[in-house]
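The values are calculated or read from the model by the stated rules, or taken from the named source; none is laboratory data. These numbers come from a predicted model, not from an experiment. In this analysis, Cβ positions are derived from the backbone assuming ideal geometry, glycine residues included, and neighbour counts consider all displayed protein chains.
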Protein chains: 2
Amino acid sequence: MVGGFLEHISSPADVKALDSGDLPALCQEIRTTLVRYGKLHGGHIGSNLGIVEATVALHRVFDSPLDKIVFDVSHQSYVHKMLTGRAPAYTDERLFGTVTGFTNPQESEHDMFVLGHTGTSISLACGLAKTRDLMGGLGDASGTRNVIAVIGDGSLSSAIAFEGLNNAAEQGTNMIIVVNDNEMSIAEDFGGMYGQLARLRASGGTSQPNIFNAFGLDYRYVEDGNDVTALVKAFSQVKDIDHPIVIHIHTAKGLGLDAEDAAAGVKEGRCEANHWQDPLARQGCPLGARKHYGHLAMAQLEPRFAAEPGLVVISPATPGSNGITREFRERAGRHYVDTGITEEHAVAFASGIAKAGGTPVLATSATFFQRTFDQLQQELSLNGTPVTLLVFGAGISGADNTHSGAFDIPMFANIPGLTYLTPTSGAAFLSMLDWSTTSREHGAVAIRVPGEPILAAERAADADGVTYPRYRGAVTAVDAGGKAGGATMPFAQYRVTRQGSDVAIFGLGNMYPLAERIAAHLAKTSDDGAAPINATVIDPQQCTSLDTACLEALRKRHSLVVTLEDAQMSGGWGEQVTTYYANQDALNSADGNECMRVLNFGAAKEFTDRVPAQDLYKRYSLTAPQVEQAIRSALRQHLCE
Amino acid sequence: MVGGFLEHISSPADVKALDSGDLPALCQEIRTTLVRYGKLHGGHIGSNLGIVEATVALHRVFDSPLDKIVFDVSHQSYVHKMLTGRAPAYTDERLFGTVTGFTNPQESEHDMFVLGHTGTSISLACGLAKTRDLMGGLGDASGTRNVIAVIGDGSLSSAIAFEGLNNAAEQGTNMIIVVNDNEMSIAEDFGGMYGQLARLRASGGTSQPNIFNAFGLDYRYVEDGNDVTALVKAFSQVKDIDHPIVIHIHTAKGLGLDAEDAAAGVKEGRCEANHWQDPLARQGCPLGARKHYGHLAMAQLEPRFAAEPGLVVISPATPGSNGITREFRERAGRHYVDTGITEEHAVAFASGIAKAGGTPVLATSATFFQRTFDQLQQELSLNGTPVTLLVFGAGISGADNTHSGAFDIPMFANIPGLTYLTPTSGAAFLSMLDWSTTSREHGAVAIRVPGEPILAAERAADADGVTYPRYRGAVTAVDAGGKAGGATMPFAQYRVTRQGSDVAIFGLGNMYPLAERIAAHLAKTSDDGAAPINATVIDPQQCTSLDTACLEALRKRHSLVVTLEDAQMSGGWGEQVTTYYANQDALNSADGNECMRVLNFGAAKEFTDRVPAQDLYKRYSLTAPQVEQAIRSALRQHLCE
């Protein structure tokens, strides 16, 4: 390791105290630290490598936290964290994981917001500046001096970033927008603006049309955005400026990653390699569920491209994470569109494609679909266009609090006209994808891509030499078809995969393997000697319409229904089953004993931050022993009546 | 009436068949028709008056539906409807109301989408063009030739419109984006882009920076956007063009509205006057709930401005509808910000203001809050910033299907950390607003502005000389305060406003007066001679946390709980009450008779289009006789046990 500067930096004051000649060496030390950290721990290394000098220069020139820096997405805030008292979390392996991957006010007064989604920094900065202006202007009275937003060129293509640019100029007072232009989004940059940005770079910032000027903003260009001296000079010149200005700096993403590192990390292309979600050390492991099922889906669609000109896969900027490999994208040609980080455009675009007779398949994370909620409802569901959405990363996981997949069911399941399918195996997933992309007799269809619990069950079954899912007992055929959204929907009926009595356990999507495990537990004599229970197990297949025939049929031999979902229960699916029974029973049941009892299991209404999934399952009682105990307790109460 | 052309126009072919010299007269006839229609029926008249000539020219030059025109928001599609077979709906009073106020594919093959929210036209058009390009290119094979998006300058400031502009250029093939620049948004245009647009107009379209060029788009300018001949020429020149182009036309919103009309319609300023939501004939009526309670809120906040520099009212572009008058805005000065049609920016901006110590109050419609769902969750709730949201137009209403307020509870009530308050009177509304804007000990607080049912109850009480709400029986004090979001929340406890037995009726927000009416019905001997029932009535005050102490206490004297909410029940509040009881009872009740029965009433999961609110209440059984019958039936069942 070069240097020895970092261990002496506990606040931005220590950056200011260095000789200016030492700054390049500090940058080099940070860069080496980042690469080591990335290999051992993983993280957004490429973006941080690109912004090392800019971050050092920001803390050299500005006085955080009186000057307030808002990092867009904040995945590039590792260097900022190192310079604001948190260097040991990157240098000392034992402390890796003691800081989050994004800014967090609970960690430091130098962090303004918890952020993780794209494009909001300028709007947030406008708010900070507005309060400053109302409360006494630049300085101690307001508690704020300069307001600085740091945003990448990839983030610039997202909806709210443009709104922010447009409003920043109107506000008219001090605001410094650092545009960190590394010529790259998550994958490639996409959009007409980028050609003009390239011309702007080529002209040294002098060419027109300059998009920042077009939004009414002042503008300066720094060609070498990895030259700390040039950046210190540029930032010094705009410190305390009396109007909004864009400082456009040209940086190199992944700078300092040597060829060997890059090669070892490259799975999905240059850029994605620099985003080490998993450290290189783990790369011998089998694929996670996102990539595994994403590969399956693309492999099913690809052979159809030749005969189906209108079949299009759309990814708003995160293809690699979802198994949409660079090789696939190249082979797909016009059948693949990366719209940039533009979920809103992507959904409306997909609706337009379907309207004209095409077959769009739009893939992104559950958490990012939140960004286009209104288009999901209006342009898509209200218009009834046959669009397929692949919802990756849905469900309970150890994700950080800005990327949780546990909010998807309350969102998707409550949009009129939209069908949300919850496959419980790779085969079911592909069958659903096949239906949604070959039939046009439906509106929007979202498919919850299977997660780790299902992949684990499938792999375990493979290891045992059996086919997953291992249906026991009677299986309801999926032939008659129910009605959903007015059209025949082959997955509307619940599948009874194990026929028992007393208790019926519904395992929605990822929770289906748990339902099977609970049934297996119940089938044995319990630890305290209670008799075995022969539970019914049901795969509901979807969570947007109730199969009331199935729910009613259960009354004959069951007194208890259990719903399991790995998403927020509040506003979710289980509540609807419960509400159905409660209202039916209140009006129709003359005998209390005939009322159906219901137990619901799912995630609490809360944000969780990097809590391991297994811990969350326990917290929410989504484990076989916990559910078994609740079922035995409920049935015991009932039998005592 | 001038002309007599309209009665002979049943399709665009009839526009093409006219002598070109007759086009101005046709436009004059359309303009006269629009003004008359506006006075008698109401509607978005100003925007349609501005785009008369452009619409005539579009149908003169292009061949809809082979050429596909997408009107942004589509509030300006009246002229288009007149020229595509629906003129009688505007000329014949008996047929007013037979067409919707927006484009609708069910009405005509010339309407591409059902739209009502801003900024999506370019993205939708990109989708139409993409399918065309994949399926054989311009012409009969693909079923699509030119793709045309028509978007106003006000819409341009919305997030997704920028994403669309950025993606249109990249797509690279035929697309014509008509920018209808009338120098006006819903209220004033807001944002740095508009200064540059003004320079562009002043230079005849030649100045730089040109924002459309900056997005990589070709560009032409038509100074007189109300000269049908010039427009026909301009559109003819770009018909079948092989790349995307912006045709920037300069029009006059409200052209043809004479001074007297304008004066009579002006309540909130020039622009808003031209949006006759209610025809002039009705303007003697008292204010609706939105404006009434909006006025109350602003009147409460305004006196505080002098002493509270950080108190800011934010409106993303629709102030007038929500009682935020032009006079208020002028007096408020820096304490009022119109961000343009930018809900996403507005929410992040508000979070930034609060973070820096300010007190933001953000007002817009329930339906428009959908556009910023991700910011509500991430930038706001996850960050716990003390922001107040005023949610106007929430609840069941006769709105069109693009502006329903019935989806708000599933959205707001399921965001962790956000408090959604549901006042049942003007006094409660102001009390809640006072708390949320004076305490900082809370995260995001959304207040569901009272709607027509509450205003009607308050006015009826006034007429009777009593204070509303007329609480009968014991009233639980609102002093102890519960816990919500970790902080003391004075409205966390449910208020028991009428203490009875057997059945407890929860009237959430707007449904509180109904709860009182039902209790009054039940207190009498029923039509079939059944005994009076002394019901308990409860105002839950909020729908984001359960007052479980209250729910448990009810068990003592009640066997039935009824929830009433004027929003979608699926994913809503009543389901949570039901789920609470069901889970408690399944685990704890050894005696079936002790289980709490629950009946839930609310809106179905469906889109409704201009169905009168009273009809929807009946459809959803949200009327006193229907609920009374259900309650009597449920209690009868129970008593038979």
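Odds and ends about this structure:
- Residues of the stretch A:111-168 that are among the polar types (S, T, N, Q) and within 28 Å of B:Asn166 (Cα to Cα): A:Thr118, A:Thr120, A:Ser121, A:Ser123, A:Ser155, A:Ser157, A:Ser158, A:Asn166, A:Asn167.
- All positions within the stretch A:144-161 that are at pLDDT 95 or above and either assigned to a strand (DSSP E or B) or facing chain B (nearest Cβ under 7 Å) (or both): A:Thr144, A:Val147, A:Ile148, A:Ala149, A:Val150, A:Ile151
- The listed residues are B:Ala582, B:Ala553, and the only one of them that is more than 10 Å from chain A (Cβ to nearest Cβ), small (Gly, Ala, Ser) and either crowded, with 20+ Cβ neighbours inside 10 Å or not in a loop (DSSP other than H, G, I, E, B) (or both) turns out to be B:Ala553.
- Test: residue in the stretch A:66-87 that is acidic (Asp, Glu) and within 14 Å of chain B (Cβ to nearest Cβ): yes
Yes/no matrix, rows are residues, columns are (1) touching a Pro at 6+ places or on another chain (Cβ under 9 Å); (2) surrounded by fewer than 21 Cβ atoms within 10 Å (Cβ to Cβ); (3) modelled with pLDDT under 95:
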site	(1), (2), (3)
B:Leu418	no, no, no
B:Thr422	yes, no, no
B:Gly426	yes, yes, no
B:Arg448	yes, no, no
B:Asp464	no, yes, yes
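- Scan of the stretch B:612-622 for residues that are surrounded by fewer than 17 Cβ atoms within 10 Å (Cβ to Cβ) and assigned to a loop (DSSP other than H, G, I, E, B), ordered by number: B:Pro612, B:Ser621
- Restricting the search to helices (runs of 4 or more DSSP H) fully inside the stretch B:61-142 and requiring at least 3 residues that are within 22 Å of the chain's Cα centre (by Cα) and farther than 19 Å from B:Val15 by Cα gives B:121-134.
- Test: residue in the stretch B:531-541 that is closer than 27 Å to A:Thr563 by Cβ and away from every other protein chain (no Cβ under 14 Å): yes
- Filter result for A:Thr342 (more than 8 Å from chain B (Cβ to nearest Cβ) and polar (S, T, N, Q)): no
- B:Val562 being under 20 Å from B:Asn534 (Cβ atoms) and either more than 7 Å from chain A (Cβ to nearest Cβ) or part of a helix (DSSP H, G or I) (or both): yes
- Residue-level analysis places A:Ala89 among those that are of a type in the set (A, V, I, L, M, F, W, C) and surrounded by fewer than 24 Cβ atoms within 10 Å (Cβ to Cβ).
- Helices (runs of 4 or more DSSP H) lying entirely in the stretch B:4-52 (those with 2 or more residues that are without any contact (Cβ under 8 Å) to a residue 40 or more places away in the chain): B:12-17, B:23-41
- Members of the stretch A:357-373 found to be within 7 Å of chain B (Cβ to nearest Cβ) and crowded, with 24+ Cβ neighbours inside 10 Å, listed by number: A:Gly358, A:Arg371, A:Phe373
One line per residue, one yes/no per condition, for (1) touching a His at 6+ places or on another chain (Cβ under 9 Å); (2) assigned by TED's automatic domain parsing to the domain that holds A:Val35; (3) more than 22 Å from A:Pro386 (Cα to Cα); (4) at pLDDT below 80:
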| residue | (1), (2), (3), (4) |
| --- | --- |
| A:Asp278 | no, no, yes, yes |
| A:Leu296 | no, no, no, no |
| A:Ala299 | no, no, no, no |
| A:Glu302 | yes, no, no, no |
| A:Ala306 | no, no, no, no |
| A:Pro309 | yes, no, no, no |
| A:Val313 | yes, no, no, no |
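- Qualifying residue in the stretch A:551-561 (condition: at pLDDT 95 or above and under 34 Å from the mean Cα position of the chain (by Cα)): yes
- Tally, over the stretch B:24-43, of residues that are surrounded by 21 or more Cβ atoms within 10 Å (Cβ to Cβ) and more than 14 Å from B:Gly256 (Cα to Cα): 1
- B:Tyr512 vs. criteria more than 10 Å from chain A (Cβ to nearest Cβ), crowded, with 22+ Cβ neighbours inside 10 Å, closer than 21 Å to B:Leu455 by Cα and among the aromatic types (Phe, Trp, Tyr): yes
- The stretch A:486-526, residues that are within 30 Å of A:His442 (Cα to Cα), touching a residue at least 40 places away in the same chain (Cβ under 8 Å), assigned to a loop (DSSP other than H, G, I, E, B) and out of contact with any Phe, Trp or Tyr (no Cβ under 9 Å at 6 or more places or on another chain): A:Ala492, A:Gln493
- Residue within the stretch B:324-338 that is touching a strand residue (DSSP E or B) at 6+ places or on another chain (Cβ under 9 Å), facing chain A (nearest Cβ under 9 Å), crowded, with 24+ Cβ neighbours inside 10 Å and β-branched (Val, Ile, Thr) present: yes
- Enumerated helices (runs of 4 or more DSSP H) restricted to the stretch A:167-243, each holding at least 3 residues that are among the acidic types (Asp, Glu) and outside the structural domain of A:Ser64 (by TED's automatic domain parsing): none
- Criterion (buried (at least 24 other Cβ atoms within 10 Å of the Cβ) and within 29 Å of A:Ala159 (Cα to Cα)) met by exactly one of A:Leu83, A:Leu49: A:Leu49
- Residue list for the stretch A:525-544, filter: exposed (fewer than 12 other Cβ atoms within 10 Å of the Cβ) and under 26 Å from A:Tyr494 (Cβ atoms): A:Pro532
- Tally of residues being charged (D, E, K, R), within 9 Å of chain A (Cβ to nearest Cβ) and under 22 Å from B:Ile631 (Cβ atoms) across the stretch B:585-620: 3
- Hey, B:Phe407 farther than 22 Å from B:Gly352 by Cβ, within 9 Å of chain A (Cβ to nearest Cβ) and either touching a residue at least 40 places away in the same chain (Cβ under 8 Å) or aliphatic (A, V, I, L, M) (or both) or not: yes
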